[in-house]
Amino acid sequence: MALLQGSPAADTLIGTLAGDSIAGYGGDDPLEGLAGSDTLDGGSGFDRVSGGSGNDTFIVSDRWDLYYEASGDDRALVQFDFVKPAEGIEFWEIAPGTKPLPYWIDALVAEDAIFAQKWLGTPNTFYYNFASDPPSYLGRTDLNGWQPLNASQRVFVLKALDYVESVVDLRFIETTDINKPNVIVFLNNKQSGSAAYATYPSDEPSGSDIFINATTSNLKPGDWSYAALTLIHELGHALGLKHPFSNNLEPQFSTPPFLPNKEDNNFWTVMSYTTLPGYGTYSYRLQYSPFDIAALQYLYGPSFDGFADDTTHFVSLDAPNFFWDGKGTDTIEASYLVEPIYMSLQDGDWSWVREKSSFISDPGQITINIGSIIESMRTGSGNDTILGNTTDNFVSTNKGDDFVDGLSGKDSLEGGDGDDTLKGGFGDDLLDGGAGLDTALFSHASDSYTLRLSAQNVTVSFSGPMIQIYPPPPTEGTDTLKNIERIKFADKTIRIDSIPHDSYADLPDTLYQFFVVGFGAAPGVHYMEQMAQAYRYWLPEARLALEGGSASAGLPSNPASDPPSAQAISLTVQR
């Protein structure tokens, strides 16, 4: 057994003993376990990780590592969202809180697509070449009847590449260097039984090449022709998409998992060989379908040129909803709905109106493509559940008894009518309950927070638990509460039904905390006026103690000329 630890640079680490522990740390590392049951962790970077023989364990903390495994009962411990599982590893264990890759993306993304990530550069770039001479790395079959693309074909290819750039964060640049990775070489040849074929991305020059059968229709391509579907399909392969179905004739392009039969058609993905009944030649177009766009945006991100302004996306009850966005401050609009909606603004999540279906393609189902950021949400009159994301969110839930969790970011959450529960999460948030009996929800015990009151609002600041941990957790910040009647902590729920009052700016924070702990309520509610008067007029020496000074027992000898009533003192002490 050996412990092999890499450096921040690129390292080649090869284990030679049984039970090696190999960690790449940083850089683009090749790791090999060879014989024995090894533990391998690529770390950051674009790593190529091979376990060899034995029952190996892979620590997956990165989305873009490639895994090779040929034998043994192997397992992967996944600690990163949306990882594409490698076929040779038998057991994939997803860590708590880690998200699996959505099935409609997993069924289309080939493992070999990960090869491309290492070579993309900044900005994300693929290169293309219209071969004028036969590439030297090609074999006899690929060069059978070889000929270059004609002028019409080249124009059509450029149109296809422009379209891809409009939906995916990729740039296509022409090059004469066809021996480097991520170069799509286009050429014609003679084929039997196929309209075209392509190769997946690779570290080798032959990756991502497209071979078009030199038939009459392919030599004169046009919109709404089978040549259009052929080109966009093969371009999908060149960028890393596979078939969503089992096909023994093309096993390299038809590895599991697969789409359900209901969704294995051109309407949802041009990588399918099945035409949806009634769809006909409408599938013969130079465009991708919803699942294809989701898969390509997972690999390369959404185009920043698409929906570049502030965009409003409308939720449909009668169709599925695949939302994606490039730039701007964007909103999902559902204020017209009377049905309840469950909506997560986190990309890659599955949301729905009324209820979750078995298929993302069913009416009323919703997802935000991986890589897209939607900032705002408006809902209707149902009892809605809304989850924010890591950006600064604005959520307005209109009517109904709603639950809203802003998660992280500086969020503004509005409950509207109804008895709502609002949780700001991390960051400085504004929680406005609107009408109804509304609750602000906090994760920790009440002694972890400091409450203060202004003339209009209550602020709740996260000050940390009594026992600190290191490193400290992300802070919940300071939240401002408006039209909130209850605060629910981990250990208690308190009332903050407000009454008209003067400023409490002269009262110390410790008095607020005492009120919460002793009375199960927050400043500004019933009896706070009496406590404020008692503090100001009867307890000046107690004020010193609360503010950090010294105090003696008993009442002051010269009380104020206009003391609060005995009833006020009794309520403060005896409640």
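Want the number for E333 to D133: 0.36 nm per residue separation, take away the alpha-carbon distance, what's left?
Difference between extended and current length: 66.6 nm.
If the cut-off is 17 Å between C-alpha atoms, which aspartates and glutamates fall inside it for K488, apart from same-chain ones fewer than 8 positions away?
Filter leaves D401, D402, D405, D419, D420, D429, D432, D438, D447, E476, D479, D497.
How big is the range 126-174 by Rg and Dmax over its Cα atoms, in Å?
According to the Cα coordinates of the range 126-174, Rg and Dmax are 13.1, 36 Å.
Would you mind telling me the antiparallel percentage of the DSSP bridges in the range 111-296, rounded to 5?
Restricted to the range 111-296, the bridges split so that about 25 percent are antiparallel.
Taking amide H positions as placed 1.01 Å from N in the peptide plane, with prolines and chain starts having none, which residues 5 or more places from L430, or on another chain, fall under 5 Å of its amide H?
Under 5 Å from the amide H of L430 lie the amide H atoms of D411, S412, L413, T480, each far enough along the sequence or on another chain.
Take L66, L3, L17, L430 and order them by how many other Cβ atoms sit within 10 Å, fewest up front.
Exposure proxy ranking, most exposed first: L3, L17, L430, L66.
Over the range 1-100, what number does the Rg to Rh ratio reach, with both radii from the alpha-carbon atoms and Rh per Kirkwood?
0.94
Check cross-link reach from K99 to the lysines: straight Cα distance under 18 Å, and skip same-chain residues fewer than eight apart.
The reachable lysines, counting only those whose Cα sits under 18 Å from K99, are K84, K356.
Taking neighbour Cβ counts within 10 Å as the exposure measure, how do W352, W324 sort from fewest upward?
Lowest to highest Cβ neighbour count: W352, W324.
Towards the positive end of the charge dipole of the range 1-100, with charges on Cβ (+1 Lys, Arg; -1 Asp, Glu), say which of A18, S37, F82 has the farthest Cα.
F82
Filter K220/K327; K190/K262; K180/K242 down to the pairs with a C-alpha to C-alpha distance above 27 Å, please.
K220/K327; K190/K262, as the Cα separations exceed 27 Å there.
So how compact is the range 111-296: Cα radius of gyration and Dmax in angstrom?
Gyration radius and largest Cα-Cα distance of the range 111-296: 15.5, 45 Å.
Which whole-number value in Å³ per residue fits the convex hull of the alpha carbons of the range 46-179?
In the range 46-179, the Cα convex hull volume per residue is 163 Å³.
Taken together, the values in this text are just the output of simple stated rules run on the coordinates, not laboratory data. Bear in mind that the values here come from a model prediction, so they are computed numbers and not experimental data. Please note: Cβ atoms are built from the backbone with ideal geometry, for glycine as well, and neighbour counts cover all protein chains shown.
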